[in-house]
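Below is one structure, written out as structure tokens; the observations come after it.
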Amino acid sequence: MRYADTSRGRPFSKDPAVVRFNDHYLMYYSVPPFKDGRENDGWCIGIAQSTNLDQWTKVGELLPTQQCDQKGLCAPGALVRNNQVHLFYQTYGNGPKDAICHAVSDDGITFERNPTNPIFSPTGNWNS
């Protein structure tokens, strides 16, 4: 399997997480900023789909929408439970205040954020 998202000008797909969902596979991965001065230009999560784990098509992005992830989000981890995709990801760009967030989807592409995000915020000297 080889896939690289070229939407930011160069092939890049970091931290991939792949799940089988219904009759296809979904890959969630970190995508870097555009770096062209646009508003809210931080890391985000790309979403690609495949039926064979070989050919992939980008089908969406999870962009910052909550206060805790406004500087960016990345490093997705996905699991399927009760016919929903649960996505766990880290906020990015907040240094020792970065945290873990959660979102859930019925279709694997459109996610509803957990209103209690972040679901885990580290404390102590070990976190940064």
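When the chymotrypsin sites (Phe, Trp or Tyr not before Pro) in the range 1-91 are filtered for DSSP coil states and for at most 14 other beta-carbon atoms within 10 Å of their beta-carbon, the remaining sites are PHE34.
Here's how it looks for TRP43: its modeled amide H is under 5 Å from those of LEU73, which are all 5 or more places away or on a different chain. For LEU63, the accessible surface of its heavy atoms amounts to roughly 90 Å² (probe 1.4 Å, protein chains only, rounded to the nearest 10).
Close amide H contacts of PHE21 (hydrogens built in the peptide plane, cut-off under 5 Å, sequence separation of 5 or more or a different chain): LEU26. Couplings for the range 113-123, taken from phi via the Karplus curve 6.51 cos²θ - 1.76 cosθ + 1.60 with θ = phi - 60°, read 6, 5, x, 8, 4, x, 7, 8, 10, x, 10 Hz in order; Gly and Pro are left as x.
For the range 30-127, a Kirkwood radius taken over Cα pairs fed into Stokes-Einstein (25 °C, viscosity 0.890 mPa s) yields D = 172 µm²/s. A 1.4 Å probe run over the chain, with the rest of the protein chains in place, finds 57 Å² accessible per residue. Report the paramagnetic label zone for LYS97: residues of the range 30-45 whose backbone N is under 18 Å from a point 7 Å from Cα along the Cα-to-Cβ axis. Answer for this model: 40-43. Between LEU79 and ALA4, the modelled label-to-label distance comes to 3.2 nm, taking each label 7 Å out from Cα in the direction of the beta carbon.
Shown here: the range 1-73, whose C-alpha atoms stretch 37, 26, 17 Å along the first, second and third principal axes, sorted largest to smallest. Our coupling estimate for the range 56-71, obtained by passing each phi through the Karplus curve with A = 6.51, B = -1.76, C = 1.60 and θ = phi - 60°, is 10, 10, 5, 10, x, 9, 9, 9, x, 9, 10, 4, 5, 10, 4, 8 Hz, Gly and Pro reported as x. Our summary of shape: the Cα atoms of the range 63-119 have principal axis extents of 34, 17, 17 Å, ordered from largest down, in whole angstrom.
The values are calculated or read from the model by the stated rules, or taken from the named source; none is laboratory data. Predicted model only: the values in this text are computed from it and were never measured. We place every Cβ from the backbone using ideal geometry, glycine too, and count neighbours over all the protein chains shown. These accessible areas exclude ligands, DNA and RNA; they are computed on the full protein's heavy atoms, side chains included. Shrake-Rupley method; radii C 1.70, N 1.55, O 1.52, S 1.80 Å.
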